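A.B. asks: Input: one structure, supplied below.
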Amino acid sequence: MNKKSVLAVIFTAVFMAACAGNKNAILTKEAEGQFVQATPFKTLQEEVNGEVLTGIGTSEKRANFTLMREAAITSAQADLVRKVQSKVEAVWKRTMSDWSEYKKEGFNEAMSVEEMKTLQKSIVDTELRGPWQTQELVDKDSGRYWVRIVYSASTIEKWAKEKLASENILKKYFIESQIKNVQADLEKDLESVRQRENTDKAKISAIVK
């Protein structure tokens, strides 16, 4: 292959790579545009920091405003519930890991997962309810209604740890002679969580006002 041919091959390769790069850049911009349009709410730094959980819901334009709003809130609740379940799971796993040295011999992981699911359901069914702190917007062009529920992550952690502190749960998984130690540590954690909860709620009030 002569020198001119080599240069031609190199030029073609560089040109194709540049084209591919430009195409990727265009696709990225298109994707960014779609992402921005997907929801009118900007990401909260407090959510990134793990201080709040949010649920976003929407409803198509309806003649009945009350029904439209209720549909959007129901959609937002469903989104929030999924995040609450993930938070409860994280608290459960962290607690079991923190006190792994106190676990009973023959600890049953499958039983632990089932108990965790029961805990999730209990919190969602009995604790997670309004009145909600919400941000609400209407798309002027389409009439679509948007709702974002903003909830304290520390509140969810508090509920999970309060239920974890129950002797009925602790006796299933931890050595009986160590239960008092686990409970004492959980109470310390709860005090810290309650303080964070107050801070979170103050931040939420500032966000939604």
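What follows is calculated from the coordinates using simple rules that are stated; it is not laboratory data. Remember, it's a predicted structure, so these values are computed and weren't measured experimentally. Reconstructed Cβ throughout: ideal geometry from the backbone, glycine too, with neighbour counts over all protein chains shown.
A.B. asks: Multiply the residue separation of Lys171 and Ala78 by 0.36 nm, subtract the distance between their alpha-carbon atoms, and state the gained length in nm to one decimal.
C.D. replies: On the way: separation 93, 0.36 × 93 = 33.48 nm, distance 3.29 nm.
That pair, Lys171 and Ala78, stretches by 30.2 nm at full extension.
A.B. asks: Here is a follow-up. Output the relative contact order of the stretch 125-209, whole-number percent, from Cα pairs under 8 angstrom with separation of 6+ residues.
C.D. replies: Relative CO of the stretch 125-209 lands at 34 percent.
A.B. asks: Run through every distinct alpha carbon pair of the stretch 41-208 and return the Kirkwood hydrodynamic radius in angstroms, one decimal place.
C.D. replies: On the way: mean 1/r = 0.0571 Å⁻¹.
After inverting the mean inverse Cα-Cα distance, the result is 17.5 Å.
A.B. asks: Then there's this: Which order do the peptides 69-80, 128-139 take when ranked by the mean count of other beta-carbon atoms within 10 Å per residue, highest first? Don't skip to the answer; put the middle values down first.
C.D. replies: Details: 69-80: 18.3, 128-139: 14.1.
By packing density, highest mean first, the sequence is 69-80, 128-139.
A.B. asks: Let me ask something additional. Please give the Cα centre distance for the stretch 119-187 versus the stretch 59-96, rounded to the nearest Å.
C.D. replies: 13 Å
A.B. asks: Once the piece of chain linking Asp98 and Ser192 is laid out straight, how much longer is it, given 0.36 nm per residue of separation minus the C-alpha distance between them? Provide the component values of the computation, followed by the final result.
C.D. replies: Details: separation 94, 0.36 × 94 = 33.84 nm, distance 1.63 nm.
That works out to 32.2 nm of additional length.
A.B. asks: Still on this structure, I have one more. Subtracting the Cα-Cα distance from 0.36 nm times the residue separation, let me have the gained length for Arg144 to Ala90 in nm, one decimal. Walk me through the numbers on the way to the answer.
C.D. replies: Numbers: separation 54, 0.36 × 54 = 19.44 nm, distance 3.43 nm.
Length gained, Arg144 through Ala90: 16.0 nm.
A.B. asks: How do 150-156, 59-65, 185-191 rank on mean C-beta neighbours within 10 Å, highest first? Write down the numbers at each step before the final one.
C.D. replies: On the way: 150-156: 23.4, 59-65: 11.9, 185-191: 14.6.
Ranking, from highest mean packing down: 150-156, 185-191, 59-65.
A.B. asks: By a straight-distance test (C-alpha under 22 Å), which lysines pair with Lys104 as possible cross-link partners, with residues fewer than eight away in the same chain excluded?
C.D. replies: Lys93, Lys117, Lys161, Lys163, Lys171, Lys172, Lys180
A.B. asks: Moving on to the next point. I want to make sure I understand the PRE zone here: with the label point 7 angstrom from the Cα of Asn49 toward its beta carbon, which residues in the stretch 183-209 have backbone N atoms less than 20 Å away?
C.D. replies: 191-209
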